[in-house]
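Below you'll find the structure, written out as structure tokens, and then a few comments.
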């Protein structure tokens, strides 16, 4: 946290106006992917290791998760990761339109009690911000093992003209794609008898 984070930390307050994510990385990155709430960082590190030509932005407010991702990055010598150790919502407003190629929100806290539903990261307004930040053809990936949150996510995504749900049959959302590694949250859900849902949406063309 002391030695490594300052070199890769995103500090939105240091930027006036929109923050171009491509400028966060040394050298040209083919694409920019972002994960919101990366937990212990195993998914983000797995993706970054296999896609060295892609720049990865990880957003996580909890210090233990940030420290875990830093360990992954150090152990694997990953130089294509930048971290926002804070609430992502103000940062979403600072991103320019059509700047991300892929956005992950995997197993977020479901806040199952009705009175806490407004704390969920997937809301009508945040989904609109996800879509605004994605390039045409970009992908939004959501995952949850909570049936109520799954219905909530679908209610806030499937009615939008700017997001196209890629599922064609039940296996498309019941089976995790090969380029999507298992996380500890998924493993825990399976151990406890819950079936995760893997939801993929494509950003429709702006033309």
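Since every read-out is calculated from the coordinates, none of them should be taken as a lab result. Since this is a predicted model, take the numbers as computed values, not measurements. With ideal geometry, Cβ positions are generated from the backbone for all residues, glycine too; neighbour counts draw on all protein chains shown.
How much length is gained on full extension from residue 98 to residue 166, taking 0.36 nm per residue of separation minus their Cα-Cα distance?
22.5 nm
What is the calculated FRET efficiency for residue 2 to residue 206, with r their C-beta to C-beta distance and R₀ = 35 Å, to the nearest 0.05?
Calculated transfer efficiency: 0.25.
With 10 angstrom as the radius, rank 116, 43, 72 by how many other C-beta atoms surround their C-beta, starting from the fewest.
116, 72, 43
According to the Cα gyration tensor, what semi-axes, each the square root of 5 times an eigenvalue, does the equivalent ellipsoid of the range 13-159 have, listed from largest to smallest in whole Å?
Over the Cα atoms of the range 13-159, the semi-axes work out to 24, 18, 14 Å.
Cut-off is 10 Å between beta-carbons; in what order do 4, 153, 34 appear when sorted fewest neighbours first?
If I rank by nearby Cβ atoms, fewest first, I get 4, 153, 34.
From the helices alone, meaning DSSP H stretches of at least four residues, give me the mean residue ellipticity at 222 nm for the chain, per-run term -39500 (n - 2.57), in deg cm²/dmol to the nearest 500.
-8500 deg cm²/dmol
Note the per residue figure in Å³ for the convex hull of the C-alpha positions in the range 130-190.
113
Between the range 159-207 and the range 1-64, how many Å separate their Cα centres?
Cα centroid of the range 159-207 versus Cα centroid of the range 1-64: 22 Å apart.
For the range 115-157, compute Rh as the Kirkwood radius over C-alpha pairs and then the Stokes-Einstein diffusion coefficient at 25 °C and 0.890 mPa s; write the answer in µm²/s, rounded to an integer.
For the chosen part, D equals 217 µm²/s.
Expressed as a whole percent, how much of the Cα-Cα distance distribution for the range 75-151 exceeds 22 Å?
Roughly 33 percent, rounded to a whole number.
How much length is gained if the chain between residue 30 and residue 123 is pulled fully straight, taking 0.36 nm per residue apart and subtracting their Cα-Cα distance, in nm to one decimal?
Answer, rounded to one decimal: 30.5 nm.
Could I have the simple spin-label model distance between residue 136 and residue 11, label points 7 Å from Cα toward Cβ, reported in nm to one decimal?
Distance between label points: 3.8 nm.
Would you list 132, 2, 203 from fewest to most Cβ contacts within 10 Å?
Fewest to most other Cβ atoms nearby, the residues stand as 2, 132, 203.
Please give, to one decimal in nm, the separation of the simple spin-label points placed at residue 22 and residue 77, each 7 Å out from Cα toward the Cβ.
With each label point 7 Å from Cα toward Cβ, the separation is 2.8 nm.
What does the extension gain come out to for residue 53 and residue 178, with contour length at 0.36 nm per residue minus their alpha carbon separation?
Additional length available on full extension: 43.1 nm.
Which residue, 67, 133, 40, tops the fluctuation ranking in a GNM of the chain built on C-alpha contacts under 10 Å?
Largest GNM mean-square fluctuation: 67.
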